[in-house]
Amino acid sequence: MHIHKYERWWLTFGIGMLFIFLATIAFAAFADGINPPSGMQQLDPAKVASTPPFDHPGLHKLHDGSYEAYFVAHIFAFAPSSITVPAGSTVTFYVTSPDVIHGFAITQTAVNMMAIPGWVNMMSHTFRTPGTYFLVCNEYCGIGHQDMAGKIVVQ
């Protein structure tokens, strides 16, 4: 089979560019220290309801004035469904799930996480503006997914 010289040149160019792109991505990942999250907390999804602090999910005030909020995303609700924090406070959210993968997104903020069974996901946010921020599941989790919501009231 005969391949025209221009076609051979473009094939060589395309394959060469593919290797250059892959090498650039690999170099950037190693040079910047981009690794999968290995320091994440793990827990047994079957024992979420009996594992502290997820056995009593909710808002906990720390001695420095910040807050920790522990949420359990389960079919088809968040526990707790509502929390209230003062304006200007920093809240660190800890989220897990005992059943399936759920989303955990707070509207009007950059908080957007996955609630994965067996893993605890964490993210902090400072609520500067008073108001009601809605908590939604943005990962399809089943037939009642559209009803899975909560709220964060900032006073």
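Nothing in this text is a laboratory measurement; each read-out follows from the coordinates by a stated rule. Just so we're clear, the structure is a prediction, and the values are computed from it rather than from any experiment. Here the Cβ is made from the backbone with ideal geometry for all residues, glycine too, and neighbour counts use every protein chain on show.
Look at the alpha carbon pairs under 8 Å that are at least 6 residues apart: their mean separation over the length of the chain gives a relative contact order of 21 percent. The alpha carbon gyration tensor of the stretch 41-154 gives principal lengths a ≥ b ≥ c with a/c of 1.5 or higher and a/b no greater than b/c, which makes the shape oblate.
Based on DSSP, what percent of beta bridges with both residues in the chain are antiparallel, to the nearest 5? Mind showing how you got there, number by number?
Numbers: 28 of 39 bridges.
About 70 percent, rounded to the nearest 5.
For a straight C-alpha distance cut-off of 18 angstrom, the aspartates and glutamates reachable from Lys47 (same-chain residues fewer than eight places away being disregarded) are Asp55, Asp99. Compared with the direct C-alpha span, the chain from Phe30 to Met122 gains 30.7 nm at full extension, assuming 0.36 nm per residue. For Tyr140 and Ala79, the FRET efficiency from 1/(1 + (r/R0)^6), where r spans their Cβ atoms and R0 equals 25 Å, is about 0.80. Rounded to whole numbers, the Karplus 3J(HN,Hα) couplings from phi for the stretch 103-109 are x, 9, 10, 10, 4, 6, 9 Hz, using 6.51 cos²θ - 1.76 cosθ + 1.60 with θ = phi - 60°, and x at Gly and Pro. Simple spin-label estimate for Leu43 and Ala87 gives 3.3 nm between the two label positions (7 Å along the Cα-to-Cβ direction from each Cα). Cβ crowding within 10 Å ranks His74, His2, His125, His102 as His2, His125, His74, His102, fewest other Cβ atoms first. Taking a point 7 angstrom from the Cα of Thr109 along the C-beta vector, which residues in the stretch 56-79 have backbone N less than 17 Å away? Those under the cut-off are 57-62, 65-73, 78-79.
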